[in-house]
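The values are calculated or read from the model by the stated rules, or taken from the named source; none is laboratory data. All values reported here derive from a predicted model rather than from experimental measurement. Here the Cβ is made from the backbone with ideal geometry for all residues, glycine too, and neighbour counts use every protein chain on show.
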Amino acid sequence: MTIATTGSSRTDSEDSLGIEDLRRKYRRERDRRAPSGSTRSYTSVAGEFGYYAKDPYTARTERETRTDAVEALVIGAGFGGLLTAARLKEAGVDSVRVMDEGGDVGGTWYWNRYPGIRCDIESYVYMPLLEEVGYLPRWRYAPGEEIRQHAIAIAEHYRLYGDALFHTRATGLAWDETLEKWLVSTDRGDRFHATFVVTSSGTLTQPKLPGIPGIETFRGHTFHSSRWDYSYTGGSADGGLTGLADKRVAVVGTGATGLQLIPHVGRDAEHLFVFQRTPSTVDIRDNRPTDQEWAASLQPGWQRERMENFLEVLAGEPVEESLVQDGWTATVNLQRQILSGAVDDTISPEEREVRDELDDARTMNRIRSRVDEVVTDPATAAALKPWYRYMCKRPGFSDEYLQTFNRPNATLVDTADHGGITRMTETSVFVGDEEFEVDCVIFATGFEVGISGVLSGTLPVTGRGGQTLLEAWGQGIQTLHGFATHGFPNLFHLSALQNANSVNFAHILQEQAEHIAAVIGEGRRRGARYLEPTLEAQQAWVQEVAATASDTRAFQAECTPGYYNGEGTRSIGGASYSPGPVVFHRLLREWRATRMREILVEPSASRQPKAVSAGVSA
Ligand code: NAP
């Protein structure tokens, strides 16, 4: 048995749909999923749901509180934090303390250990510092554990463990006007000083649960995909979930995470129910072991060259040869609908939209046809087809996911007509009046966007004159290049806001880490009193970001709801620098060569806020 779809069947003759038909069809599918009551609401994994966020991997150990001083504190030990700490060490900053809420380094790769987890960007361009650490991934798309081990290798290589604080959350940063350092408070009672603070707290960190009525009454086993409970399922990230052999298991969510873990649960559970609200696009993965002949041919500098090339291709920049040819490089024009980068201005915007919409329709038709080719049951295949434009959701890739629905023990439950799961009871999941009795519910329902760190206010920051960062950003985010804010000396952030963005965000983080380390290194070399952008430079940058922002609202308004468009309520575009990462990184290099005076405050400068624009010349 392979189907139990509760949604309406699709009858359109799909291949013959023209653009107008597609638009109508997409709108109908969007409206089926439009926000309605509680079904599109989410529950934070706090309070009574706090156990969903607990660390299942590392026991929390007691330690002495810190009341000392370090030169640099890096908050977040994912790739962004590790890269920054590594580059700071290279720049001569020996005293670097790394802090993370997790029990070890790795960030995303620390928390997410579900079966089947892999990177979905080619590992040779995604995993940073490969040449520095002397490692080559074994697979084109590396398993999560290999990536996590690489994060550990980076921390060891750059000697970051010695002063690292794990299972520690920063609870406050306050600028000490006398010492001209940050006073850092944590949830472990630490109160120490740091000359420089860098925040790299990630954007998709806090797991979220759907606001399903009755979710708290369920008495079976349940956990979130980012806190996988191997003590219940058995096995490892490679599979072998023997604990599920006699279990009826519900998986809620079919995003990038669901796509990777569902094949494993299908293989090992007595019965798998996949509760789907919106199908993902599932394109070809084509994973393979690293070609040893290719590996032997690599010359020093190869990784940076490959990363640059991939970024250029994704950003729409011309290249002689595309080195990474995959599902991402094949859809560059379509990604431009929401991601920053160069647009083809050899044709008019109207012609471009027609070209891209046709291209979009071809790509989506191909992806929908693949469902028919793989999935044998026609009703299940119909329910698995995504009806929206390509970048409405994070594109997905898998050569195992669709195949799972050919298994006799797998049931797809299409919840779209009900806006998701209707309710839960002690024993069951309900969709409408239909009951599914299960032993276990696994939520692959994603993460709250931008909930951690300074932007959400979960880390209160008080700068010069007692002003908080949230107050300073009351009228909108104010930064120079996304990194630093006037009034908050020696404080830097890694994020896509007013900075660059790309699907290979690890590359963006690498550039950000290098920039911050270069600025701090230069400040130290010149004996700067502190590093703080002038108000003028900051205002100019905020205006530049706004003036060049591309408008993605029209595109996103037509999309099915999801986290890309604030569950159908807003657009996420315009927050990053729209001309794209290649242009932005060039701009940063030029700025470092000629305009460092916009951030270096020399020792003799007045302590008064208005006078800080005086600085050394570059
Ligand atoms: P996600 O993309 O937010 O997906 C959450 C899923 O849960 C969606 O399918 C959503 O349906 C569904 N859902 C939510 N509430 C529901 C309800 N009440 N009933 C039924 N379904 C419900 O989360 P994710 O898959 O964890 O991925 C998050 C991000 O992490 C990705 O976009 C990607 O950036 C990253 N990621 C990367 C990788 C990788 O690189 N290998 C792997 C995993 C994740 P709707 O679509 O209808 O909202």
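Structural remarks
- Residue within the stretch 347-360 that is surrounded by 18 or more Cβ atoms within 10 Å (Cβ to Cβ) and under 20 Å from the mean Cα position of the chain (by Cα) present: no
One line per residue, one yes/no per condition, for (1) assigned to a strand (DSSP E or B); (2) among the charged types (D, E, K, R); (3) in contact with a Lys or Arg (Cβ under 8 Å, 6 or more places away or on another chain); (4) surrounded by 18 or more Cβ atoms within 10 Å (Cβ to Cβ):
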position: Y161; (1), (2), (3), (4): no, no, no, no
position: H167; (1), (2), (3), (4): no, no, yes, yes
position: L179; (1), (2), (3), (4): no, no, no, no
position: W182; (1), (2), (3), (4): yes, no, no, yes
position: F192; (1), (2), (3), (4): yes, no, yes, yes
position: T195; (1), (2), (3), (4): yes, no, yes, yes
position: G202; (1), (2), (3), (4): no, no, no, yes
position: P207; (1), (2), (3), (4): yes, no, yes, yes
position: P213; (1), (2), (3), (4): no, no, yes, no
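- Screening S578, S571, S617, S606 for residues that are at pLDDT below 75 and within 22 Å of the chain's Cα centre (by Cα) leaves exactly one candidate, S571.
- Some residue of the stretch 320-328 being under 22 Å from Y564 (Cα atoms) and among the β-branched types (V, I, T): no
- Yes/no for A170 being more than 15 Å from the ligand (Cβ to nearest atom) and among the aliphatic types (A, V, I, L, M): yes
- Hits in the stretch 218-261 (condition: closer than 24 Å to D55 by Cβ, within 14 Å of the ligand (Cβ to nearest atom) and part of a helix (DSSP H, G or I)): S225, S226, R227, A256, T257, G258, Q260, L261
- Residue satisfying all of: in the stretch 105-128; more than 12 Å from the ligand (Cβ to nearest atom) and not in a loop (DSSP other than H, G, I, E, B); farthest from G235 (Cα to Cα) among these: V125
- Pairs are defined by a Cβ separation below 6 Å, a sequence spacing of at least 6 or placement on different chains, a first member in the stretch 533-548 that is closer than 19 Å to A342 by Cα, and a second member that is among the polar types (S, T, N, Q); the pairs so defined are V545/Q498; T548/S578.
- Yes/no for F483 being without any contact (Cβ under 8 Å) to a residue 60 or more places away in the chain, away from the ligand (no atom under 16 Å from the Cβ), of a type outside the set (S, T, N, Q) and in contact with a strand residue (DSSP E or B) (Cβ under 7 Å, 6 or more places away or on another chain): yes
- Output for the stretch 441-480, where each listed residue is of a type outside the set (S, T, N, Q), part of a loop (DSSP other than H, G, I, E, B) and more than 16 Å from the ligand (Cβ to nearest atom): G453, V454, L455, G457, L459, P460, G463, W473, G474, G476, I477
- Subset of the stretch 447-480 (residues that are in contact with a strand residue (DSSP E or B) (Cβ under 7 Å, 6 or more places away or on another chain) and not β-branched (V, I, T)): F447, E448, S452, G453, L459, P460, G463, R464, L469
- Lone unmet requirement of (1) within 14 Å of the ligand (Cβ to nearest atom); (2) closer than 30 Å to W328 by Cα; (3) outside any helix (DSSP H, G or I) for M391: (3)
- Flag for G102 being within 15 Å of the ligand (Cβ to nearest atom) and in contact (Cβ under 8 Å) with a residue 24 or more places away in the chain: no
- Filter result (surrounded by 23 or more Cβ atoms within 10 Å (Cβ to Cβ) and either part of a helix (DSSP H, G or I) or among the hydroxyl-bearing types (S, T, Y) (or both)) within the stretch 399-422: Y401, T404, T415
- Residues in the stretch 128-145 include none that are buried (at least 22 other Cβ atoms within 10 Å of the Cβ) and of a type in the set (V, I, T).
- Qualifying residues in the stretch 66-80 (those that are of a type in the set (G, A, S) and closer than 13 Å to F196 by Cβ) - the one surrounded by the fewest Cβ atoms within 10 Å (Cβ to Cβ): A69
- Those residues of the stretch 145-180 which are out of contact with any Cys (no Cβ under 8 Å at 6 or more places or on another chain) and free of Cβ contacts under 8 Å to residues at least 60 places away in the same chain, in sequence order: E146, R148, Q149, H150, I152, A153, E156, Y161, G162, D176, T178, L179
- Among residues of the stretch 549-572, those that are in contact (Cβ under 8 Å) with a residue 24 or more places away in the chain and more than 26 Å from Q276 (Cα to Cα), counted: 3
- Any hit, the stretch 67-85, residues being at pLDDT below 90, of a type outside the set (A, V, I, L, M, F, W, C) and at positive phi: no
- Filtered residues of the stretch 61-113 (kept if β-branched (V, I, T) and in contact with a strand residue (DSSP E or B) (Cβ under 9 Å, 6 or more places away or on another chain)): T65, T67, V70, V74, I75, T84, V93, V96, V98, V105, T108
- For E426, the conditions (1) assigned to a loop (DSSP other than H, G, I, E, B); (2) out of contact with any Lys or Arg (no Cβ under 7 Å at 6 or more places or on another chain); (3) charged (D, E, K, R) are fulfilled apart from (2).
- Residue that is farthest from the ligand (Cβ to nearest atom), among those in the stretch 405-440 that are of a type in the set (S, T, N, Q) and within 21 Å of T222 (Cβ to Cβ): N409
- Some residue of the stretch 136-151 being more than 26 Å from A296 (Cβ to Cβ) and either at pLDDT below 95 or within 12 Å of the ligand (Cβ to nearest atom) (or both): yes
- Top-ranked residue in the stretch 294-318 [being surrounded by 14 or more Cβ atoms within 10 Å (Cβ to Cβ) and assigned to a loop (DSSP other than H, G, I, E, B); ranked as modelled with the highest pLDDT]: L298
- Residue match in the stretch 184-200 (condition: within 16 Å of the ligand (Cβ to nearest atom) and free of Cβ contacts under 8 Å to residues at least 40 places away in the same chain): no
- From the list A500, A496, the lone residue that is among the hydrophobic types (A, V, I, L, M, F, W, C) and either farther than 30 Å from D187 by Cα or free of Cβ contacts under 8 Å to residues at least 12 places away in the same chain (or both) is A500.
- The sole residue among V319, V282 that is in contact (Cβ under 8 Å) with a residue 40 or more places away in the chain, at negative phi and within 27 Å of the chain's Cα centre (by Cα) is V282.
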